[in-house]
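Undergrad: After the C-alpha cells below, expect a handful of questions from me.
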Amino acid sequence: MGKKIQLGTKILSANEEYARQNSGLLRERGKYCLNMISSPGSGKTSILTQTITNLKGKLRIGVIEGDIQTQLDAERIRATNAPAVQINTNGSCHLSAAQVRWALAQLPLDEIDVVFVENVGNLVCPSAFDLGEDGKVVVLSVAEGDDKPAKYPAIFSKSRVLLINKIDLLASGGIDFDTDRVKTDTRRLNRDIEIFCVSARTGQGMENWYNWLINAAKKTS
C-alpha cells in the first residue's frame with residue numbers, strides 16, 4: 001500500500017513540476033491558456049472552430065488537441081487556419097503537463113493570444129491533472145443529462161466557465177434537461193463559475209462566451 005501511494009505521489013509531483021514550467025512560460029510570453037474538458041461528443045471542437053472563426057481579428061487562437069487516436073479534431077482546427085498540435089495518448093484518459101510542454105514548443109506562440117488545450121473526452125481523469133493553464137472550461141451538452149454536476153463534481157468545482165452546449169435541441173421538446181438544475185447544482189459547488197448556454201451549431205448564446213474570453217485574455221496580455 002505504501003509503495004502505491006509513493007508511486008502516485010511521484011507521478012503527480014512530476015506533473016506539477018511540468019505544470020509550473022508551462023505556467024511560467026505562458027506568463028512570460030503573455031499568453032492566456034484554457035483547459036477545455038468534457039465527455040466525448042459534447043461539442044468541444046465545434047465550439048472551438050466557431051470561436052476561432054468568429055473572433056478573427058480580435059483574438060489569435062492556437063489549440064493543443066488531445067485524443068486517444070487520430071488527427072481528426074486537429075484537422076478541423078487547422079481548417080480554420082488556426083495552428084493546432086495533436087497529441088495522441090494511445091489509451092491514456094487525460095493529457096499530462098509534460099505532453100503540453102512539448103506541444104507548446106510546437107506552437108507559434110508569438111502569433112497567438114490564447115492557447116486552448118482540448119483535453120481527452122472524459123469528465124473524470126483530466127480534472128485531476130494541472131497542465132499549467134489559467135483556468136478550466138467544462139462543456140456539458142444537453143443530450144448528456146442534467147445530473148452531471150451532481151455526479152461528477154470535481155470538474156465543475158474547479159472550472160472557471162461552464163458552457164451548456166446544444167441548447168437548440170431543447171426547442172423540440174424531445175430532450176428532458178433542466179437548465180436551472182444544472183446551474184443550481186454547479187453554483188452550489190462553485191459560486192464564482194461563469195455559465196453560458198450556447199449552441200455552437202446555431203450561434204445562440206455564443207456572443208456572451210466570446211465577450212468573456214476577450215476580456216479574460218486582455219487581463220493576461
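Undergrad: Kindly indicate the residue of the range 125-183 that is touching a Lys or Arg at 6+ places or on another chain (Cβ under 9 Å) and polar (S, T, N, Q) and also farthest from Ser199 (Cα to Cα) among those meeting that condition.
TA: If we take residues in the range 125-183 being touching a Lys or Arg at 6+ places or on another chain (Cβ under 9 Å) and polar (S, T, N, Q), then Ser127 is farthest from Ser199 (Cα to Cα).
Undergrad: Run down Arg181, Arg201, Arg188 and say which single residue is of a type in the set (Lys, Arg), under 19 Å from the mean Cα position of the chain (by Cα) and on the phi < 0 side of the Ramachandran plot.
TA: Details: Arg181 fails: under 19 Å from the mean Cα position of the chain (by Cα); Arg188 fails: under 19 Å from the mean Cα position of the chain (by Cα).
Only one candidate passes the filter, namely Arg201.
Undergrad: For the range 114-174, list the strands (runs of 3 or more DSSP E) that sit wholly inside it and hold at least 1 residues that are under 14 Å from His94 (Cβ atoms) and among the acidic types (Asp, Glu); which are they?
TA: 114-118
Undergrad: I'm checking my understanding of the structure. Among residues of the range 157-176 that are of a type in the set (Ser, Thr, Tyr) and surrounded by fewer than 18 Cβ atoms within 10 Å (Cβ to Cβ), which one is farthest from Leu123 (Cα to Cα)? If you could, list the steps in order and put the result at the bottom.
TA: Looking only at the range 157-176, we keep the residues that are of a type in the set (Ser, Thr, Tyr), and these are 157, 159, 172.
Restricting the remaining residues to those that are surrounded by fewer than 18 Cβ atoms within 10 Å (Cβ to Cβ) gives 157, 172.
Details: Ser157: 12, Ser172: 27 Å.
So, considering only residues that are of a type in the set (Ser, Thr, Tyr) and surrounded by fewer than 18 Cβ atoms within 10 Å (Cβ to Cβ), the one farthest from Leu123 (Cα to Cα) is Ser172.
Undergrad: Quick check on my filter: what residues within the range 111-133 are under 15 Å from Val63 (Cβ atoms), at pLDDT 95 or above and surrounded by fewer than 23 Cβ atoms within 10 Å (Cβ to Cβ)?
TA: Within the range 111-133, Glu111, Ile112, Asp113 meet the criteria.
Undergrad: Return only the number of the condition from (1) surrounded by 17 or more Cβ atoms within 10 Å (Cβ to Cβ); (2) closer than 27 Å to Ala154 by Cβ that Gly41 does not satisfy.
TA: (1)
Undergrad: Still on this structure: Return a yes/no flag: does the range 71-80 have any residue that is surrounded by fewer than 17 Cβ atoms within 10 Å (Cβ to Cβ) and at pLDDT below 95.
TA: Within the range 71-80, one or more residues are surrounded by fewer than 17 Cβ atoms within 10 Å (Cβ to Cβ) and at pLDDT below 95.
Undergrad: Would you pick out the residues in the range 195-221 that are of a type in the set (Gly, Ala, Ser) and without any contact (Cβ under 8 Å) to a residue 60 or more places away in the chain?
TA: Looking only at the range 195-221, we keep the residues that are of a type in the set (Gly, Ala, Ser), and these are 199-200, 203, 205, 216-217, 221.
Ser199, Gly205 - these are the residues of the range 195-221 that are of a type in the set (Gly, Ala, Ser) and without any contact (Cβ under 8 Å) to a residue 60 or more places away in the chain.
Undergrad: Looking only at the range 34-47, count how many residues are assigned to a helix (DSSP H, G or I) and farther than 21 Å from Arg160 by Cβ.
TA: Keep residues of the range 34-47 that are assigned to a helix (DSSP H, G or I), which gives 44-47.
When the remaining residues are screened for being farther than 21 Å from Arg160 by Cβ, the result is none.
Counting residues in the range 34-47 that are assigned to a helix (DSSP H, G or I) and farther than 21 Å from Arg160 by Cβ gives 0.
Undergrad: Only one of Pro108, Pro83 is surrounded by 17 or more Cβ atoms within 10 Å (Cβ to Cβ), more than 11 Å from the chain's Cα centre (by Cα), within 21 Å of Asn54 (Cα to Cα) and without any contact (Cβ under 8 Å) to a residue 60 or more places away in the chain; which? Show your work before the answer.
TA: Details: Pro108 fails: surrounded by 17 or more Cβ atoms within 10 Å (Cβ to Cβ).
Exactly one residue qualifies, and that residue is Pro83.
Undergrad: Condition check: touching a residue at least 40 places away in the same chain (Cβ under 8 Å), crowded, with 16+ Cβ neighbours inside 10 Å and of a type in the set (Asp, Glu). Does Asp146 satisfy that?
TA: no
Undergrad: Name the residues in the range 48-95 that are under 19 Å from Val120 (Cβ atoms) and in a loop (DSSP other than H, G, I, E, B), would you?
TA: Those that are under 19 Å from Val120 (Cβ atoms) and in a loop (DSSP other than H, G, I, E, B): Ile68, Gln69, Thr70, Gln71, Thr89, Asn90, Gly91, Ser92, Cys93, His94, Leu95.
The values are calculated or read from the model by the stated rules, or taken from the named source; none is laboratory data. Computed from a predicted structure; not experimentally measured. So basically every Cβ, Gly included, is an ideal-geometry build from the backbone, and we count neighbours across all protein chains shown.
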